[in-house]
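Written below as structure tokens is the structure these notes are about.
The values are calculated or read from the model by the stated rules, or taken from the named source; none is laboratory data. A quick note: this is a predicted structure, and the numbers were derived from the prediction, not measured. Reconstructed Cβ throughout: ideal geometry from the backbone, glycine too, with neighbour counts over all protein chains shown. Side chains are part of the model used for accessible areas, which takes the heavy atoms of the whole protein and leaves out ligands, DNA and RNA. Shrake-Rupley method; radii C 1.70, N 1.55, O 1.52, S 1.80 Å.
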Amino acid sequence: MRPTTVDNPDNAQIDEQIQHLEERLAREHDRIPPGLIHRMVDYARTRFSHARILTFVPILVERTVRAHLDLTTGAAQRSSPPGAGDAAYSLPEWARVAAHHLLADALPRRWAHTQGVARRADEVAPLFSQHEREILLAAAWLHDIGYAPALAHTGFYPLDAARFLVRSGVPDRICALVAQHTGAAAVADLSGLADELATFPDERSPVRDALWFCDMTTSPDGEPVSYPERLAELRTRRGPDDPVVRALAANGAERAAAVRRTEQLLRQAEKRAGDGR
């Protein structure tokens, strides 16, 4: 057992310092959703769990989390979104701010598409309970952040996005929805990243279908389009050798089915609304 010294305090001391750090960060970033900062701190701490000099662990954790907070939301998290006042961000609001910070300047067209997908998600959201709506909206805002140069690691953007979101403390379900969105598994197979992507499960739920629907009925410029129009645009823009286009042979039917299922839910909702008049 390692002796308790100035350089190697016991675990209770480290726990107390980490707790104080988390409380301080939560006060400074009081508009971040509850739980995200805790998960960021917890994730960062695991990186340094085997440090030889434990005294440095709280310092390293603080540096890591602060850098991540800056990368995630930057100055934007210190300014109120319209109508938010002094209230904390909801998860979808945090997702919007994070996506804006990562995409708006670096990739404005990708940001336009993201905004369009989020608008689609807002239209589809009444199909679901409040909790499920928040999951869908957050995933819609975050689904393409892996394109951001700051996040590129493997070059496979759904995986890069999902891994970043894990480090950000985002709930596992949203990380997985982003990782697996719009047939990503078939592209991962072609890219040699199937095992890595498989760590994020595909939930195959109506919310998952709705996210795919929103993505596949929104143009690169954020305008609503039909599924066939989006598919034709994708093929033209990317070309036949692109893995996303090649993967359509494997996942095209699954994409179409997800779109059809969501369209059916929308028609059923419209019929119920009409019958209630």
Given H placed 1.01 Å from N in the peptide plane, which residues other than close sequence neighbours of Thr218 have an amide H under 5 Å from its amide H? Val225
Report the charge-dipole magnitude of the chain in Debye, nearest 20, computed about the Cα centre from +1 at each Lys and Arg Cβ and -1 at each Asp and Glu Cβ. 360
With a probe of 1.4 Å, find how much accessible area the chain has per residue, and write the answer as a whole number in Å². 50
For helix 91-103, report the angle its Cα long axis makes with the longest principal axis of the Cα atoms of the chain; keep it between 0 and 90° and round to the nearest 10°. 90
With springs only between Cα atoms under 10 Å apart, run a GNM on the chain and tell me which of Ala67, Ala138, Ala188 wobbles the most. Ala67
After finding the eigenvalues of the alpha carbon gyration tensor for region 201-277, what semi-axes result from the square roots of 5 times each, listed largest first in whole Å? 27, 15, 9
Using +1 on the beta carbon of Lys and Arg, -1 on that of Asp and Glu, and nothing else charged, what's the dipole of region 100-172 about the Cα centre, debye to 20? 160
State whether region 104-245 is rounded, prolate or oblate according to the following rule on the C-alpha gyration tensor (a ≥ b ≥ c being the square roots of its eigenvalues): a/c under 1.5 gives rounded; otherwise a/b larger than b/c gives prolate, and the remaining case gives oblate. rounded
Taking the chain and dividing mean pair separation by its residue count, relative contact order in percent (alpha carbons under 8 Å, at least six apart): 16
Options Ala232, Ala176, Val166, ranked by Cα towards positive dipole end of the chain, top entry (Cβ charges): Ala232
Ranking by accessible area, most exposed first, for Ser168, Ser191 with a 1.4 Å probe: Ser191, Ser168
Matching label, Rg/Rh (Cα atoms, Kirkwood Rh) computed from the structure shown, candidates [x] 1.03; [y] 0.96; [z] 1.06: [x]
Rounded to the nearest 10, the angle in degrees between the Cα long axis of helix 108-124 and the longest principal axis of the Cα atoms of the chain comes to 70
Extension length gain for Arg272 and Ala194 (0.36 nm per residue less Cα distance), in nm, is 24.0 nm
Suppose R0 equals 45 Å. What FRET efficiency, 1/(1 + (r/R0)^6) with r the Cβ-Cβ distance, do Glu229 and Ile59 give to the nearest 0.05? 0.25
